[in-house]
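Worksheet: one structure, shown below.
The values are calculated or read from the model by the stated rules, or taken from the named source; none is laboratory data. Since the structure is predicted, the reported quantities are computational estimates derived from the model, not experimental observations. Ideal geometry is used to build each Cβ from the backbone, glycine not excepted, and the neighbour counts take in all protein chains shown.
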Amino acid sequence: MSEWPIKEVARATGLTSRTLRHYEQIGLLRPSRVAHNGYRFYGDVELSRLYRILSLRALELPLATIQIALDDDATLAEAIASHLVLLEERRDRTNQQIAAVRHTLDAVTRGKTMTIKEIFDGVDQAHYEAEVRERWGDEAWERSAKRRDRMSNEQLQADDERSVDVNAALRDAATSREDPTGASFQALIDAHYRWVTEYWGGRAPDRDAYTGLSELYVADARFAATYGGQQNAEAIRDAMQVWIAANLH
């Protein structure tokens with residue numbers, strides 16, 4: 001039987017070795033064997049299972065649903081049906097967002113004064129799922145999603161409002177050209193770090209993760225738009241990195 005080491009499997013699939021080890025930890029995909037030095041190897045059976053996993057992930061099914069589908073083929077149709085419902089709900093949310101963004105664009109074009117909440121109404125945090133999964137692993141996103149799933153409608157609304165408040169405060173500070181190294185801006189970054197920790201299901205970002213997030217704010221045009229432009233995003237990035245140097249080691 002042919003075998004491939006974890007590095008080759010990761011390279012061929014575009015996954016990280018950390019993701020493959022996470023799949024092993026949750027029982028989704030175990031290696032065919034583990035050598036005495038800890039190296040993982042995968043055989044034909046494991047690669048076949050991984051192929052199915054990636055096919056289902058392409059449908060954006062959560063790992064828990066994929067596990068059920070793989071363990072019981074009879075439930076695969078149910079899993080896909082559930083995914084269809086999810087896509088339809090997402091379509092409805094997208095239509096609502098389009099309407100909100102059109103309203104915002106029309107208001108800004110006409111010079112109409114809008115509240116900060118109205119400005120952020122068209123921002124959908126779900127768009128950032130791919131970045132979270134790729135940069136910090138499936139577990140980070142799924143912990144965050146589970147946190148939201150446990151909330152009541154009232155708690156979800158409060159959580160959304162807090163997200164708006166935290167990001168609007170950063171936007172205002174950057175727009176006002178506050179000193180990124182100043183105490184006021186740094187206090188906002190401290191609040192932002194606590195918010196990210198809560199949003200990630202209680203997992204505090206380490207130095208690398210929070211630095212990566214600061215760079216993402218500049219690299220991704222969607223974040224720059226959220227924060228009022230590229231210059232604002234860069235100011236927030238700079239403030240975050242000052243805070244990181246002082247607080248994360």
So if I check each of 191, 174, 235, which one is under 26 Å from residue 146 (Cβ atoms), assigned by TED's automatic domain parsing to the domain that holds residue 146 and hydrophobic (A, V, I, L, M, F, W, C)?
191
Within region 150-171, residues over 18 Å from the mean Cα position of the chain (by Cα) and surrounded by 14 or more Cβ atoms within 10 Å (Cβ to Cβ) come out as 165, 168, 169, 170, 171
Of all residues in region 54-81, count the ones that are at pLDDT 65 or above and not in a loop (DSSP other than H, G, I, E, B).
15
Qualifying positions in region 2-44 - in a helix (DSSP H, G or I), touching a strand residue (DSSP E or B) at 6+ places or on another chain (Cβ under 9 Å) and within 18 Å of residue 67 (Cβ to Cβ):
20, 21, 24
In region 31-70, what count of residues is obtained for those that are more than 29 Å from residue 87 (Cα to Cα) and either surrounded by fewer than 15 Cβ atoms within 10 Å (Cβ to Cβ) or not charged (D, E, K, R) (or both)?
14
Exactly one of these conditions fails for residue 196: (1) touching a Lys or Arg at 6+ places or on another chain (Cβ under 7 Å); (2) under 15 Å from residue 168 (Cα atoms); (3) without any contact (Cβ under 8 Å) to a residue 60 or more places away in the chain. Give me its number.
(1)
